[in-house]
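First the structure, in the form of structure tokens, and then the observations on it.
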């Protein structure tokens, strides 16, 4: 594998810190995880560009800034249990694992889920569990979660995910039609109350459920 340590540090400085992202936990995690290990080999030299990159099954790996931003605004902290929906190649789950105590990642494409699980195992991220399934239903067997990150867009936030948040937990998800997606932060303030904040425009692949 290419050694891209200098490019990774440059990404931290130019793409994250210059945009005002200064969370020590997030920057440390982004510095520790080699993004090049999570993209197809022909694209490894482009791993730290400020852009998403294609992976298998017609999916993408989000740009580094978006991964860092979502983890930051979800307020992921040491000791947390985190659910990631849309695991892709496993990159965001790996970054999350450097902060949270336990990460549960769901990917709807079985081939991607299997490859991500094996990649994470080989790289030593042993506090991550990956399974194939419909992420809109969450992972009820291991809920509730302190934070939920959804790396695919939908018209609304699935109710099942909202119900699997701990009280005071955060969910971050792109919401809206393809031409007008907004990154939404949802805070569960009580058993039946949720507060939402619009964090701006984004562009993600769609969250496809069993219902289409």
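Derivation of every value follows stated rules applied to the coordinates shown; laboratory data play no part. Keep in mind that what you see is a predicted model, and the values were worked out from it rather than measured. FYI the Cβ positions are ideal-geometry reconstructions off the backbone, even for glycines, and counts take in every protein chain you see.
Restricting attention to the range 142-199, the residues that are part of a strand (DSSP E or B) and touching a residue at least 12 places away in the same chain (Cβ under 8 Å) add up to 31. Report, by residue number, each residue of the range 45-58 that is touching a strand residue (DSSP E or B) at 6+ places or on another chain (Cβ under 9 Å) and either in contact (Cβ under 8 Å) with a residue 60 or more places away in the chain or not in a helix (DSSP H, G or I) (or both). Answer for the range 45-58, where residues must be touching a strand residue (DSSP E or B) at 6+ places or on another chain (Cβ under 9 Å) and either in contact (Cβ under 8 Å) with a residue 60 or more places away in the chain or not in a helix (DSSP H, G or I) (or both): 47, 52, 53, 54, 55. Applying the set (1) outside any helix (DSSP H, G or I); (2) exposed (fewer than 14 other Cβ atoms within 10 Å of the Cβ) to residue 42 leaves exactly one unmet item: (1).
Looking at 71, 106, just one residue is closer than 25 Å to residue 134 by Cβ, within 16 Å of the chain's Cα centre (by Cα) and assigned to a helix (DSSP H, G or I), and that residue is 71. Could you list, in sequence order, all residues of the range 6-26 that are assigned to a helix (DSSP H, G or I), touching a helix residue (DSSP H, G or I) at 6+ places or on another chain (Cβ under 9 Å) and free of Cβ contacts under 8 Å to residues at least 24 places away in the same chain? Those that are assigned to a helix (DSSP H, G or I), touching a helix residue (DSSP H, G or I) at 6+ places or on another chain (Cβ under 9 Å) and free of Cβ contacts under 8 Å to residues at least 24 places away in the same chain: 9, 12, 17.
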